[in-house]
Ligand code: HEC
Ligand code: HEC
């Protein structure tokens, strides 16, 4: 009697184990075939990878030409000094007689090759992303500047996402118009949607910055 009982329990256990295994296997198969359009990443390594993508845009010519360490804006992909000796001026808006808005309008002027956007002016020196000799600052240094609210107009993570998503001067970089010679200006290395998504991933991971100088 007792023996029969034990035997039954073993059979039941065996059935239970097979069912659980089968469920686990089908679940893994389903997960494997599912496409993840938006990974829910909240850990540091993925945050750092996302930052590296953000950094590739910040230090591309369309952005860094306004985020200079110099007394003047820069132009084109070789980031040469702005023509006509345009200088930064006290508020990044040039000087009387040669201010940015006397040439730069609200929109690109493709017939003359002057790019345009709302309130066109240079980013403050606290937001410079290159060193005094021109090369872009390291990823760690740019990350420190962008996350330092004493340097970035007090923007926290969500405000940075919004800035990257909506600020007209940021959007201009993906619609930069034609140069005076008629050629199109080149675009940043990511699409705008990819850039905003990378910023969001980085912010959701707690805005990690790489180590080092
Ligand atoms: C005399 C007219 C004039 C003034 C003043 C002027 N710009 Fe420009 N700017 C231009 C023209 C023309 C171009 C296009 C040059 C080219 O693409 O070769 C240009 C291009 C630029 C670009 C390059 C965009 C790119 O990514 O290649 C930036 C940045 C810029 N100006 C910033 C400024 C700022 C900031 C000021 C004020 C401090 C200013 N400019 C004042 C005429 C002017
Ligand atoms: C025409 C010049 C110009 C261009 C081009 C430009 N910026 Fe800026 N950026 C500014 C100015 C000016 C500020 C400072 C905010 C202000 O005074 O409105 C700024 C500030 C910022 C800030 C700091 C937040 C803040 O409000 O201070 C970030 C982040 C930023 N820019 C990102 C970008 C990115 C990304 C690009 C390229 C896709 C870019 N910028 C291109 C002029 C520019």
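Determine the equivalent ellipsoid of the stretch 136-213 by diagonalising the alpha-carbon gyration tensor, then write out the semi-axes as square roots of 5 times the eigenvalues, largest first, rounded to whole Å.
26, 15, 12
Only Cα pairs under 8 Å and at least 6 apart count here; give the relative contact order of the stretch 41-204 as a rounded whole percent.
29 percent
Over the stretch 96-161, what is the relative contact order in whole percent, taking alpha-carbon pairs under 8 Å and six or more residues apart?
Contact order relative to length: 18 percent.
Looking only at Cα atoms, what is the convex hull volume of the stretch 47-120 per residue, in Å³?
Measuring per residue, one finds 120 Å³ for the Cα hull of the stretch 47-120.
Between residue 10 and residue 166, what is 0.36 nm times their sequence separation minus the Cα-Cα distance? Round to one decimal in nm.
49.7 nm
Under 8 Å for C-alpha pairs, at least 6 residues apart: give me the relative contact order for the stretch 137-213, rounded to a whole percent.
Dividing the mean separation by the residue count of the stretch 137-213 yields 38 percent.
What is the Cα radius of gyration of the stretch 41-204 over 2.2 N^0.38 Å, N being its residue count?
This ratio for the stretch 41-204 stands at 1.03.
Every number in this text was worked out from the coordinates using simple rules, so none of it is lab data. Keep in mind it's a predicted model, so treat the numbers as computed, not measured.
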